[in-house]
1. Assuming R0 = 41 Å, can you tell me the calculated FRET efficiency for the pair residue 31 and residue 55, based on Cβ-Cβ distance, to the nearest 0.05?
2. With an 8 Å cut-off on Cα pairs and a minimum separation of 6 or more residues, tell me the relative contact order of the stretch 80-197 in percent.
3. Give me the extension gain from residue 114 to residue 130: residue separation times 0.36 nm, minus the current Cα-Cα distance, reported in nm with one decimal.
4. At what distance in nm do the modelled label points of residue 23 and residue 159 sit from each other, each positioned 7 Å from its Cα along Cα→Cβ?
5. Which residues in the stretch 164-178 place their backbone N less than 19 Å from a point set 7 Å from the Cα of residue 141 along the Cα-to-Cβ direction?
């Protein structure tokens, strides 16, 4: 049993000849306090709201039963922007999908700069797609699509930065795709054209 002794030593003062009466010790039993502590801990554990799991909402695209299989994943060249992440934080990009190696696209290089960086190119492409929708060249369902292709020489931070750009610029449709040998050839040809930089 836990106890607390609060007694103080009695005694007498020298020279007075009067004895003070000795104080009796007061004993306090602390056992109920321990029980109360455990009761409080149990109470707060049961009444505290536990952390709820966070879920991310995913909007699945509408599946048209009349659409042919080859048309389901078809992306229009006019709404597509392909971004190639390469070494030294370089960002190569071109309009369209670039699926035909006999007709290579015009590949440009930029960085993650505040001015004249990849953000400006994304904004420019988005404005172009919106203008094509307004003129009737594209339907309301057509949306700007960004294809992100990180090379093995790119860094993880480059991928995080480009995903941040998708979020900042409110790009609804984008995909991370494995880079192809054709795209690597586009990068090499652009490096040669820029003097090996």
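1. 0.30
2. 30 percent
3. Details: separation 16, 0.36 × 16 = 5.76 nm, distance 2.31 nm.
Residue separation times 0.36 nm, minus the Cα-Cα distance, leaves 3.4 nm.
4. Computed distance between label sites residue 23 and residue 159 equals 7.2 nm.
5. Correct set: 172-174.
Values quoted throughout were computed directly from the atomic coordinates according to the rules given, and no laboratory measurement underlies them. From a predicted model like this one, the values you see are computed outputs, not experimental measurements. As a convention, Cβ positions derive from the backbone with ideal geometry for all residues, glycine included, and neighbour counts pool all protein chains shown.
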